[in-house]
Amino acid sequence: MIEFLKEHPLALIGVKIAIIALLTYVIAWIAKKIWRRNANNQQNLFRKFIFHIIRALIYLTGLLLCIGQIPQLSKVLSTILAGSGILALALSLSAQESLNNVISGMFITLFKPFEIGDRVTLASSGLTGTIEDITLRHTIVNTFTNTRVVVPNATMNKEIIESSNLIDARASSFVDVEVAYESDIEQAMELMADVIASHPYYWDVRTDEEIETVPKVKVYIRSLGERGVSLRANMWTKTVSENFEACSDVRLGIKRAFDRAGIEIPYTKYTILHQKSKVEELDREEEEEKA
């Protein structure tokens, strides 16, 4: 076998390239295994980005080593690397847009406008979802319908981002209920506060000083409308993911509590009047005369 390779230089080059490619794949696979052993890596934006850089460097190094095994290309490669380095090589390959995404990804991981797992909304497009991953080129956003939206890092870096987890992960939504004027408004406010405060997801946002003087849930009269009194309270939860479910439970609980207490929630009622035509009335009178 060795004698055969010595007599056939092209076969020897092919074997070397195959060995380098295999070693590159094995090293990248080992790096990925080491990465996945630490669960904290999966939730850290900076570590994910650095891992993608390391993996790209592994494949780039393997590619350059493979090219270096070909005599006709090794001289060209040496000239390029000696002249201006890896950066000049990247620019020579017309990778300006890709470099823009890489640099933007570095700025994102450095200033951290969001983290892996954060719920964000992009102002320009109205896209809402959870940050799932960031690569050298793009950021992956997982929407509520479980679809993945790939956003270039350069676009993400310039985007106005509304984050539900930045600094404070707590979430609040308004719970609005309208009560008829004839109902007991004070009782309705008390029932509404009790239902919200008793929900297991409700998060008490009062300070230690406020606990003694401020009620756990404050219900406000938002307006006096044409049909009734509009009441409003805040539903606080520890995270955004809990808030939607909690608000749904609370609205159902308020409806049941109001029904038990005889508190009316006003709604528009329609009365339909059916007027018989003149022909129908004449026919009915003729039938009565015949009878």
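Toward the positive end of the charge dipole of segment 131-195, with +1 on the Cβ of Lys and Arg and -1 on the Cβ of Asp and Glu, the farthest Cα among Thr155, Ile131, Met189 is that of Thr155.
Annotation for Ser163 and Leu136: the two label points, set 7 Å from Cα along the Cα-Cβ direction, are 2.5 nm apart. In the assembled protein chains, Thr213 presents an accessible area of approximately 110 Å² (probe radius 1.4 Å).
The distance between label points at Glu210 and Glu182 comes to 3.8 nm (points 7 Å beyond Cα on the Cα→Cβ vector). Taking 14 Å as the cut-off, the amide N atoms of segment 236-263 that come nearer than this to a point 7 Å along the Cα-to-beta-carbon line of Ser173 belong to 236-253. About its Cα centre, segment 119-202 has a charge dipole of approximately 960 debye under the convention of +1 per Lys or Arg Cβ and -1 per Asp or Glu Cβ, with nothing else charged. Other residues lying with their Cβ under 13 Å from the Cβ of Ser163 contribute a combined charge of -2, Lys and Arg counting +1, Asp and Glu -1.
Distance between the pseudo-spin-label points of Glu288 and Ile221 (7 Å out from Cα toward the beta carbon): 5.4 nm.
Taking Cβ atoms as reference points and 13 Å as the exclusive limit, the residues near Leu45 contribute a net charge of -1, counting Lys and Arg as +1 and Asp and Glu as -1. In this calculation the C-beta distance from Trp203 to Leu57 is compared with R0 = 41 Å, giving a FRET efficiency of 0.40. Positive contributions from Lys and Arg (+1) and negative ones from Asp and Glu (-1), summed over other residues with Cβ under 14 Å from the Cβ of Met235, come out at 0. Here r is the Cβ-Cβ distance between Ile67 and Arg47 and R0 is 25 Å; the resulting FRET efficiency, rounded to 0.05, is 0.25. In segment 183-265, Cα pairs under 8 Å separated by at least six residues give a relative contact order of 36 percent.
The values are calculated or read from the model by the stated rules, or taken from the named source; none is laboratory data. Just so you know, these numbers come straight off a predicted model, no measurement behind them. Note that each Cβ is placed from the backbone with ideal geometry, even for glycine, and that neighbours are counted across all protein chains shown. The accessibility values were calculated without ligands, DNA or RNA, using every heavy atom of the protein model including side chains. Shrake-Rupley method; radii C 1.70, N 1.55, O 1.52, S 1.80 Å.
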